[in-house]
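Taking it in order: structure first as structure tokens, then the write-up.
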Protein chains: 2
Amino acid sequence: MRTLQWDSRRNGVDLVDQTLLPSESKRTLCSTVDSLVEAIQMLRVRGAPALEAAGAYGVVLAALEAQGDGGRFDALVERVRTARPTAVNLARGVERALEAARRAGGPGKAAEAALAEAERLCDEDVARNRAMGSHGARLLKDGDTVMTHCNAGRLATVDYGTALGVLRGAKEAGKHLKVVACETRPLNQGARLTTYELLEDGFDVTLITDSMAGVVLRSGRVARVVVGADRITRDAVFNKIGTYGLACLAKVHKVPFTVAAPLTTFDLELRARDVPVEERNRSELLWLGSKKNAPDEVRVFNPAFDATPLKLVNSIVTEKGVLQAPWGKAMARVGKWLKQR
Amino acid sequence: MRTLQWDSRRNGVDLVDQTLLPSESKRTLCSTVDSLVEAIQMLRVRGAPALEAAGAYGVVLAALEAQGDGGRFDALVERVRTARPTAVNLARGVERALEAARRAGGPGKAAEAALAEAERLCDEDVARNRAMGSHGARLLKDGDTVMTHCNAGRLATVDYGTALGVLRGAKEAGKHLKVVACETRPLNQGARLTTYELLEDGFDVTLITDSMAGVVLRSGRVARVVVGADRITRDAVFNKIGTYGLACLAKVHKVPFTVAAPLTTFDLELRARDVPVEERNRSELLWLGSKKNAPDEVRVFNPAFDATPLKLVNSIVTEKGVLQAPWGKAMARVGKWLKQR
């Protein structure tokens with residue numbers, strides 16, 4: 001079952017509530033813009049490609065809710081678009097469904113047209129991830145140990161995953177892999193989600209804290225680090241906080257560092273310095289579940305993402321193929337691909 | 001009040017229960033070897049110098065409990081000595097009080113003699129930490145931001161601290177510092193203990209997850225990383241897991257990396273490869289308080305310490321002065337100091 005999908009009987013987005021994993025595998029229905037925005041902000045649904053689908057479905061919800069009131073529709077769409085600031089894919093999904101809704105010519109048909117476009121977008125995501133898996137699989141050998149950070153998996157996409165899609169691609173090609181999952185503080189997507197979905201698929205998974213990556217990379221047992229991306233600018237890969245440090249440590253220990261991300265993640269008009277990084281709530285570090293982790297009076301720095309300069313990246317897997325340095329040339333290729341679409 | 005001290009009225013070791021911090025500031029009494037070993041293993045008392053004091057007090061408890069039975073005394077002492085494998089200081093504290101007990105000549109006086117030695121050891125620890133603070137303070141300038149990992153503070157020693165003692169020394173010398181504390185997964189001593197004791201002393205403290213160290217070091221705002229040590233061999237510094245990765249990241253970003261540790265931490269007969277690293281329970285990664293962090297079926301790698309090669313270390317602050325590369329020469333100096341004692 002897909003991570004998120006339209007429930008046409010109940011008119012809403014049916015999605016896995018990822019804040020409950022791994023204890024509970026439960027789905028929830030977002031049938032209003034409010035509930036979808038809440039689900040996005042609370043990270044019930046997260047991951048760039050899944051957010052793109054959520055954005056598109058959000059336009060469907062907005063159209064249903066606005067009932068032909070154009071001003072209200074625009075306001076609702078805006079709420080979906082700005083639910084999280086750094087993820088370019090969320091806005092892109094909104095844009096795509098919005099255009100379809102506008103082309104439909106008349107508020108009566110807007111929801112239907114947006115829904116058709118959202119479904120197309122979801123199907124494309126799955127096809128794209130499978131293509132990435134097939135390209136990326138060539139970077140891995142039978143018996144390799146791969147380290148990953150955060151969750152760029154099935155649960156971060158409509159299905160199959162980006163970074164974890166590369167592992168699935170290798171597995172489907174008959175290669176046996178071991179996976180080391182970094183916990184990914186403060187929200188522990190690596191511990192909660194990556195281990196969960198990889199164990200479901202029969203992978204051999206070892207969980208470590210983020211702080212153990214250094215010694216594990218030094219051990220010589222890791223063949224490659226593979227992560228996803230939330231946004232790729234001309235000069236850097238934005239991904240979950242900790243990716244930059246991990247890329248530095250991979251470089252120090254001469255372990256190749258690979259990013260898997262669809263072309264929708266690229267934003268070649270921007271440089272790293274142009275991208276605002278979302279700072280999340282301090283409570284994420286002050287509490288561990290219901291237990292106090294630090295005194296209330298402490299200052300907290302809690303950026304959601306960091307920027308890894310391309311010079312620390314060995315390869316980027318896209319649905320069109322694998323990119324490598326020199327990055328100027330590689331990005332020009334991406335530019336061409338983006339124009340073809 | 002000291003982190004641990006002898007309660008002569010109730011005949012036991014009175015200590016801060018650090019597993020309750022920062023929610024509760026509560027002291028607990030260990031009046032049997034059993035309860036002291038439990039406190040050591042559950043990390044109610046932790047940190048190399050505090051463990052040395054705990055080891056010495058453990059001999060007092062063993063003497064009281066054995067009531068003149070030599071075989072029972074030896075067995076109890078052995079339980080204290082082996083309560084945690086990597087901390088050389090625990091065994092050293094045991095040895096020291098044990099020798100005093102043996103010199104006392106007769107089981108009747110063993111407890112008293114061990115106690116006098118344990119008290120001497122505690123006083124020396126505080127004096128030593130103050131000396132380290134005074135030497136180390138010279139490495140810091142007014143206005144500096146210092147990053148630290150784990151808790152090498154007052155709570156890890158009898159009082160004042162090693163790494164945090166250096167910060168206290170600088171503060172007493174009139175220098176205003178900002179401190180960045182790494183959370184220190186999986187037991188969060190940085191979040192729970194370091195922030196707590198530094199806020200108590202009026203420092204400006206910012207908490208980050210371990211995975212944020214890379215971007216914070218890249219920002220150029222950190223003047224120096226200062227950490228403690230659990231054991232220093234001829235070639236490496238053993239300290240809380242994550243120290244090695246942090247040292248690599250400091251090197252990459254050209255931020256000086258300083259270790260503060262008393263001479264008792266040095267073990268020049270050993271090399272890094274000779275030291276067994278304690279692997280702690282998998283439950284530390286599987287649970288966040290009472291909340292599930294990862295599925296039961298996942299493998300877990302959970303080493304308590306790592307070894308940072310001396311080539312990544314810029315300076316080691318001891319109570320006798322500050323050591324720097326070349327390390328062969330510096331370690332020869334340590335060897336001479338150790339013989340003088």
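Any idea which of A:A250, A:A272 is more than 8 Å from chain B (Cβ to nearest Cβ), of a type in the set (G, A, S) and under 19 Å from the mean Cα position of the chain (by Cα)?
Numbers: A:A250 fails: under 19 Å from the mean Cα position of the chain (by Cα).
Only one candidate qualifies: A:A272.
Residue-wise test of (1) open to solvent by less than 50 Å² (accessible area, probe 1.4 Å); (2) outside any loop (DSSP other than H, G, I, E, B); (3) at pLDDT 95 or above.
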| residue | (1), (2), (3) |
| --- | --- |
| A:A39 | yes, yes, yes |
| A:L43 | yes, no, no |
| A:P49 | yes, yes, no |
| A:D74 | no, yes, yes |
| A:V77 | yes, yes, yes |
| A:P85 | no, no, no |
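Output the residues belonging to the range A:176-194 that are at the interface with another protein chain (Cβ under 10 Å from one of its Cβ atoms) and not in a loop (DSSP other than H, G, I, E, B).
The answer is A:K178, A:V179, A:V180, A:A181, A:C182, A:G190, A:A191, A:R192, A:L193, A:T194.
Hey, can you tell me all the residues within the range B:5-37 that are assigned to a helix (DSSP H, G or I) and loosely packed, with under 14 Cβ neighbours inside 10 Å? Talk me through it step by step, then tell me what you get.
Here is the first cut: in the range B:5-37, the ones assigned to a helix (DSSP H, G or I) are B:33-37.
Correct list: B:D34 only.
Step by step: first the residues of the range A:136-166, then only those that are in a loop (DSSP other than H, G, I, E, B), in contact with a Ser or Thr (Cβ under 9 Å, 6 or more places away or on another chain) and of a type in the set (S, T, Y), then the one that is nearest to A:N239 (Cα to Cα). Which residue is that?
Across the range A:136-166, the extreme among qualifying residues is A:T162.
Report whether or not A:V300 is on the phi < 0 side of the Ramachandran plot and more than 8 Å from chain B (Cβ to nearest Cβ).
The answer is no for A:V300.
Which of the numbered conditions does A:A104 fail, given that it passes all the others? Conditions: (1) surrounded by fewer than 16 Cβ atoms within 10 Å (Cβ to Cβ); (2) at negative phi.
In the conditions (1) surrounded by fewer than 16 Cβ atoms within 10 Å (Cβ to Cβ); (2) at negative phi, A:A104 misses (1) alone.
For A:T157, work out the one condition from (1) open to solvent by 10 Å² or more (accessible area, probe 1.4 Å); (2) away from every other protein chain (no Cβ under 14 Å); (3) of a type in the set (S, T, Y) it doesn't fulfil.
Failing condition for A:T157: (1).
Can you tell me which of (1) in contact with a strand residue (DSSP E or B) (Cβ under 8 Å, 6 or more places away or on another chain); (2) over 26 Å from B:W287 (Cβ atoms); (3) surrounded by 23 or more Cβ atoms within 10 Å (Cβ to Cβ) is the one A:I208 doesn't meet?
Result: A:I208 passes all but (2).
Please determine whether any residue of the range B:62-83 is farther than 21 Å from B:G106 by Cα and of a type in the set (G, A, S).
Yes, the range B:62-83 has at least one match.
Of all residues in the range A:53-72, count the ones that are under 23 Å from the mean Cα position of the chain (by Cα) and either on the phi > 0 side of the Ramachandran plot or modelled with pLDDT under 95 (or both).
Total meeting the criteria: 0.
Report the residue count in the range A:215-252 for those that are over 20 Å from B:R185 (Cβ atoms) and open to solvent by 10 Å² or more (accessible area, probe 1.4 Å).
Matching residues across the range A:215-252 total 11.
Checking B:A294 against (1) small (G, A, S); (2) in contact with a Pro (Cβ under 8 Å, 6 or more places away or on another chain); (3) closer than 22 Å to A:D306 by Cβ, which test does it fail?
Going through (1) small (G, A, S); (2) in contact with a Pro (Cβ under 8 Å, 6 or more places away or on another chain); (3) closer than 22 Å to A:D306 by Cβ one by one, B:A294 breaks only (3).
Tell me whether the range A:67-86 contains one or more residues that are touching a Lys or Arg at 6+ places or on another chain (Cβ under 6 Å) and touching a residue at least 12 places away in the same chain (Cβ under 8 Å).
no
Could you list, in sequence order, the residues of the range A:284-331 that are surrounded by 15 or more Cβ atoms within 10 Å (Cβ to Cβ), more than 30 Å from A:R130 (Cβ to Cβ) and polar (S, T, N, Q)?
Result: A:N293, A:N302.
Determine if the range B:56-65 includes at least one residue that is open to solvent by 10 Å² or more (accessible area, probe 1.4 Å), more than 17 Å from B:D7 (Cα to Cα) and in contact (Cβ under 8 Å) with a residue 40 or more places away in the chain. Talk me through it step by step, then tell me what you get.
Restricting attention to the range B:56-65, the residues satisfying the condition of being open to solvent by 10 Å² or more (accessible area, probe 1.4 Å) are B:63-65.
The next check asks that each one be more than 17 Å from B:D7 (Cα to Cα); those that pass are none.
Checked against the condition, which is being open to solvent by 10 Å² or more (accessible area, probe 1.4 Å), more than 17 Å from B:D7 (Cα to Cα) and in contact (Cβ under 8 Å) with a residue 40 or more places away in the chain, the range B:56-65 yields no hits at all.
Output the residues belonging to the range A:118-141 that are crowded, with 22+ Cβ neighbours inside 10 Å, more than 11 Å from A:A53 (Cβ to Cβ) and either modelled with pLDDT under 95 or among the charged types (D, E, K, R) (or both).
A:R128
Any residue at all in the range A:213-232 that is within 11 Å of chain B (Cβ to nearest Cβ) and free of Cβ contacts under 8 Å to residues at least 24 places away in the same chain? Let's see the steps before the verdict.
Here is the first cut: in the range A:213-232, the ones within 11 Å of chain B (Cβ to nearest Cβ) are A:213-219, A:221.
Still in the running and free of Cβ contacts under 8 Å to residues at least 24 places away in the same chain: A:215, A:219.
Yes, the range A:213-232 contains at least one residue that is within 11 Å of chain B (Cβ to nearest Cβ) and free of Cβ contacts under 8 Å to residues at least 24 places away in the same chain.
Which of (1) over 21 Å from A:C150 (Cα atoms); (2) free of Cβ contacts under 8 Å to residues at least 24 places away in the same chain does A:W287 not meet, given it meets every other one?
Among (1) over 21 Å from A:C150 (Cα atoms); (2) free of Cβ contacts under 8 Å to residues at least 24 places away in the same chain, A:W287 violates only (1).
Quick one: A:L207 ticks every box in (1) in contact with a Cys (Cβ under 8 Å, 6 or more places away or on another chain); (2) within 12 Å of another protein chain (Cβ to nearest Cβ) except a single one, so which number is it?
Failing condition for A:L207: (1).
Which one is nearest to the other protein chains (Cβ to nearest Cβ), of the residues in the range B:253-268 that are touching a residue at least 12 places away in the same chain (Cβ under 8 Å) and open to solvent by 20 Å² or more (accessible area, probe 1.4 Å)?
Looking at residues that are touching a residue at least 12 places away in the same chain (Cβ under 8 Å) and open to solvent by 20 Å² or more (accessible area, probe 1.4 Å), I get B:H253.
State whether the residues of the range B:310-324 include one that is touching a residue at least 40 places away in the same chain (Cβ under 8 Å) and within 14 Å of chain A (Cβ to nearest Cβ).
yes
May I ask you to verify whether A:L198 is open to solvent by less than 40 Å² (accessible area, probe 1.4 Å), within 14 Å of chain B (Cβ to nearest Cβ) and in contact with a Phe, Trp or Tyr (Cβ under 7 Å, 6 or more places away or on another chain)?
Details: open to solvent by less than 40 Å² (accessible area, probe 1.4 Å): yes; within 14 Å of chain B (Cβ to nearest Cβ): yes; in contact with a Phe, Trp or Tyr (Cβ under 7 Å, 6 or more places away or on another chain): no.
Here the answer is no, as A:L198 does not meet what is asked.
One residue is enough: does the range B:38-53 have a residue meeting the conditions farther than 21 Å from B:D267 by Cβ and touching a Gly at 6+ places or on another chain (Cβ under 8 Å)?
no
Got a sec? Which of A:G165, A:G153 is under 27 Å from A:C122 (Cβ atoms) and touching an Asp or Glu at 6+ places or on another chain (Cβ under 6 Å)?
A:G153
The values are calculated or read from the model by the stated rules, or taken from the named source; none is laboratory data. Just so it is clear, the structure is predicted and the values come from calculations on it, not from any experiment. Cβ atoms come from the backbone with ideal geometry, glycine included; neighbour counts cover every protein chain shown. Quick note on the areas: whole protein, heavy atoms, side chains included, nothing else; ligands and nucleic acids left out. Shrake-Rupley method; radii C 1.70, N 1.55, O 1.52, S 1.80 Å.
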